[in-house]
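Structure first, commentary second.
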Amino acid sequence: MTLPSGPTTPVLVQVLVAMTQPHRGMRQLRKRYGNAFMVRTPVFGRALVISDPAEIRQLFQTGTDIAENVEPNLGRILGPGSLFALKGDAHRAQRKLLVPPFHGRRLAAFEQIVEDETVRELAAWPEGRPFPVLPSTMRITLNAILRAVFGAEGAEFADLRELLPKLVTLGSKLALLPMPKRDYGSWTPWGRFRTLRREYDAVVNRLIDKATDLDGRNDVLAMMLQSRYEDGSAMTRGEVADQLLTLLAAGHETTATTLAWVVERLRRHPDVLDTLVREVDAGGKELREAVITEVQRVRPVIDLVGRQIRTDGFQLGRWTVPKGMNVLVSIDLIHDDPEVFPNPRAFDPSRFTGTRPDLYQWVPFGGGTRRCIGAAFATMEMNVVLRTMLRDFTLVPTSEPDERWHSRGIANVPRKGGLVVVNRRTTHAVPPAAASSTGAHS
Ligand code: HEM
């Protein structure tokens with residue numbers, strides 16, 4: 001067999017289904033066509049969607065000479081220096097520079113920033129009445145990245161906090177649209193994006209100008225400015241700006257949304273919540289890590305990761321893929337496969353207590369040479385936010401129906417923003433060493 005079959009409905013109908021029913025649309029296609037099928041999208045063209053574990057493993061293990069990043073990708077929005085845009089050796093060289101600051105051991109330095117930002121945000125939480133938690137987690141993850149990654153303070157911190165949500169929200173929507181062939185002017189969304197990007201570049205230039213004394217600085221920008229490629233050259237300002245924007249765009253909404261799903265799931269599983277609070281009070285972290293892992297399995301915020309095949313007739317499991325075709329891995333479908341995760345719709349963190357997931361089956365961070373570079377950072381951040389939240393507040397359980405998925409462009413968020421009701425805890429045990437939480441699944 002060369003390629004599987006798929007729906008013949010017009011592209012726009014397929015897009016509409018994918019946008020309005022994230023996950024449900026894919027699950028319906030799997031029911032009809034099996035665990036591999038063809039789809040048509042305006043951005044990726046005719047593409048092969050896979051969810052068979054062996055085929056996913058093979059794709060992630062295939063070298064970049066055969067399977068490169070999906071095209072088009074976020075690089076066209078974030079700039080030519082973005083990790084998403086880079087290929088082959090240039091991508092490898094850039095990852096080599098960026099991996100050290102995101103390594104598990106280095107992350108301990110950022111834990112305090114995340115805890116401080118969480119405490120600051122939680123101070124304004126109302127008690128006893130429902131509110132969506134997502135705007136709160138968005139502010140926490142934005143501020144944490146601005147401080148830990150951009151090393152921003154004072155005026156630059158304030159400017160970026162104002163500018164970046166607009167830039168990233170617009171970019172996230174544009175990422176789903178084909179790039180116009182000609183420039184339609186500054187009043188178009190693309191023109192508006194260009195204006196915001198110019199403002200952003202100006203602030204990053206100010207940050208770099210101010211970064212004269214890097215001694216004692218732990219932030220990722222300081223590390224980028226000190227790092228050197230193998231030929232001894234430094235990153236250019238353009239590369240630094242593209243890469244910082246990439247880290248923010250990739251790491252801000254994804255982490256915030258997962259945290260909103262954590263709250264949404266825990267409020268509907270009071271038994272897990274109870275045990276978790278007791279564990280936090282005792283200074284433990286095993287169940288907390290398992291909860292975060294299980295939430296990422298049942299509510300992955302990114303639907304698909306993709307690779308473009310660069311050689312003709314590539315044999316991927318059962319399929320012969322032509323050169324230039326995009327292959328999309330459906331994260332939700334493999335996470336929802338009963339052969340891989342028994343009783344997959346059940347929220348059951350005990351699947352992961354005391355054990356680490358198989359990184360070719362549990363794939364919220366993608367896989368292979370392009371696996372999320374911020375996975376350990378995000379895991380540390382979610383751990384610290386959840387620990388701080390449960391230490392200072394009681395989450396009130398609910399019997400309301402599960403929140404549905406809602407597509408916000410890149411990430412799938414809980415439709416009501418993860419509604420929460422909280423009460424401030426008056427007494428709680430403070431864990432002795434505030435149990436370090438870095439490094440899980442890094
Ligand atoms: C829960 C939070 C997060 C999720 C679910 C997530 C998910 C992903 C996924 C699915 C990919 C594509 C991987 C592939 O193609 O195989 C990716 C790539 C990436 N992520 Fe994350 N991410 C998260 C947090 C972060 C954070 C905190 C950062 C940085 C601060 C980050 C930076 C990146 C970068 C730079 C890439 C591109 C890697 C490359 O192309 O080499 N992500 N992420």
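The values are calculated or read from the model by the stated rules, or taken from the named source; none is laboratory data. Since this is a predicted model, take the numbers as computed values, not measurements. Please note: Cβ atoms are built from the backbone with ideal geometry, for glycine as well, and neighbour counts cover all protein chains shown. Remember, those area values only see protein heavy atoms, side chains included, never the ligands or the DNA or RNA. Shrake-Rupley method; radii C 1.70, N 1.55, O 1.52, S 1.80 Å.
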Q) From the list Ala434, Ala346, Ala440, Ala375, which residue is at negative phi, out of contact with any Lys or Arg (no Cβ under 6 Å at 6 or more places or on another chain), modelled with pLDDT under 95 and not acidic (Asp, Glu)? A) Ala440
Q) Out of all the residues in the range 274-295, which are open to solvent by 40 Å² or more (accessible area, probe 1.4 Å), touching a residue at least 24 places away in the same chain (Cβ under 8 Å) and of a type in the set (Lys, Arg)? A) Lys285
Q. Can you spot a residue in the range 237-251 that is closer than 17 Å to Gly79 by Cβ, open to solvent by less than 30 Å² (accessible area, probe 1.4 Å) and more than 16 Å from the ligand (Cβ to nearest atom)?
A. no
Q.
Quick check on the range 321-329. Is at least one of its residues over 22 Å from Gly34 (Cα atoms), at pLDDT 95 or above and not in a helix (DSSP H, G or I)?
A. yes
Q. What pairs come up if the first residue lies in the range 184-205 and is in a loop (DSSP other than H, G, I, E, B), the second is open to solvent by less than 40 Å² (accessible area, probe 1.4 Å), and their beta carbons are under 9 Å apart, counting only those six or more places apart or on different chains?
A. Tyr184/Gly191; Gly185/Gly191
Q: Go over the candidates Thr62, Thr118 one by one and state the one that is more than 30 Å from Phe393 (Cβ to Cβ) and polar (S, T, N, Q).
A: Thr62
Q: Tell me the strands (runs of 3 or more DSSP E) entirely within the range 341-434 that contain at least 3 residues that are away from the ligand (no atom under 16 Å from the Cβ).
A: 393-395, 422-424
Q: Of all residues in the range 317-335, count the ones that are within 21 Å of Arg371 (Cα to Cα) and either open to solvent by less than 10 Å² (accessible area, probe 1.4 Å) or in contact with a Gly (Cβ under 7 Å, 6 or more places away or on another chain) (or both).
A: 10
(Q) As an exercise: evaluate Gln226 against (1) within 21 Å of the chain's Cα centre (by Cα); (2) open to solvent by 10 Å² or more (accessible area, probe 1.4 Å) and give the number of the one condition it does not meet. (A) (1)
Q: Tally the residues that are of a type outside the set (Ser, Thr, Tyr), within 12 Å of the ligand (Cβ to nearest atom) and touching a residue at least 12 places away in the same chain (Cβ under 8 Å), restricting the search to the range 76-87.
A: 6
Q | Residue in the range 254-273 that is more than 29 Å from Val99 (Cβ to Cβ), open to solvent by 40 Å² or more (accessible area, probe 1.4 Å) and in a helix (DSSP H, G or I) present | A | yes
Q. Looking only at residues in the range 211-223 that are among the aliphatic types (A, V, I, L, M) and in contact with a Lys or Arg (Cβ under 9 Å, 6 or more places away or on another chain), which one is most open to solvent (accessible area, probe 1.4 Å)?
A. Met223
Q: Find the residue count for the range 209-219, including only residues that are in contact with a Leu (Cβ under 7 Å, 6 or more places away or on another chain) and touching a residue at least 24 places away in the same chain (Cβ under 8 Å).
A: 1
Q. So is Arg161 open to solvent by 60 Å² or more (accessible area, probe 1.4 Å), closer than 23 Å to Ile140 by Cβ and part of a helix (DSSP H, G or I) or not?
A. yes
Q. Taking the range 120-136 only, how many residues are over 12 Å from Leu419 (Cβ atoms), hydrophobic (A, V, I, L, M, F, W, C) and either part of a helix (DSSP H, G or I) or open to solvent by 40 Å² or more (accessible area, probe 1.4 Å) (or both)?
A. 3
Q) Looking only at helices (runs of 4 or more DSSP H) that fall completely inside the range 34-119, which ones have 2 or more residues that are of a type in the set (Gly, Ala, Ser)? A) 88-98
Q: Go through Arg182, Arg139, Arg105 for me and flag whichever is modelled with pLDDT of 95 or more and open to solvent by 60 Å² or more (accessible area, probe 1.4 Å).
A: Arg139
Q) Any idea how many residues of the range 357-397 are polar (S, T, N, Q) and open to solvent by less than 30 Å² (accessible area, probe 1.4 Å)? A) 3
(Q) I need every pair where a residue in the range 238-252 that is more than 14 Å from Gly171 (Cα to Cα) has its Cβ under 7 Å from the Cβ of a residue that is more than 7 Å from the ligand (Cβ to nearest atom) and among the hydroxyl-bearing types (Ser, Thr, Tyr), sequence separation at least 6 or different chains. (A) Gln243/Ser82
